1. Tally the residues that are part of a helix (DSSP H, G or I) and free of Cβ contacts under 8 Å to residues at least 12 places away in the same chain, restricting the search to region 14-36.
2. Looking at region 15-37, which of its residues are under 11 Å from the mean Cα position of the chain (by Cα) and of a type in the set (A, V, I, L, M)?
3. Quick check on this structure: which one of G8, G56 is within 11 Å of the chain's Cα centre (by Cα) and not hydroxyl-bearing (S, T, Y)?
4. Is it the case that M32 is of a type outside the set (D, E, K, R) and touching a Gly at 6+ places or on another chain (Cβ under 9 Å)?
5. Does region 6-13 contain any residue that is exposed (fewer than 10 other Cβ atoms within 10 Å of the Cβ) and assigned to a helix (DSSP H, G or I)?
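Rule-based calculations on the coordinates, nothing more; no lab input. Source: prediction; values computed, not measured. Methodologically, a virtual Cβ is constructed for each residue, glycine included, from the backbone with ideal geometry; neighbour enumeration extends over all protein chains shown.
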Amino acid sequence: MGAGIGVGLIGKGALESMARQPESSDDLRANMILAAALVEGVALFGIIICLLVVLG
């Protein structure tokens, strides 16, 4: 649930920045995708650790 909130906040910030400076939208989009992927990766890592603790 925290990862979803994090990705939502990343998207919100990127869209607000793109609205203010449309000429930098390509750079912002790339950074937004990278940051969202890192947040999702941390969430996936947390799920794997939880499964290892519970099942192992």
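1. Number of matching residues: 15.
2. M32, I33, L34, A35, A36, A37
3. Just one listed residue meets the conditions, G8.
4. Values: of a type outside the set (D, E, K, R): yes; touching a Gly at 6+ places or on another chain (Cβ under 9 Å): yes.
Taking the combined requirement at face value, the residue satisfies it.
5. Within region 6-13 (the criterion being exposed (fewer than 10 other Cβ atoms within 10 Å of the Cβ) and assigned to a helix (DSSP H, G or I)), the answer is no, since none of the residues qualifies.
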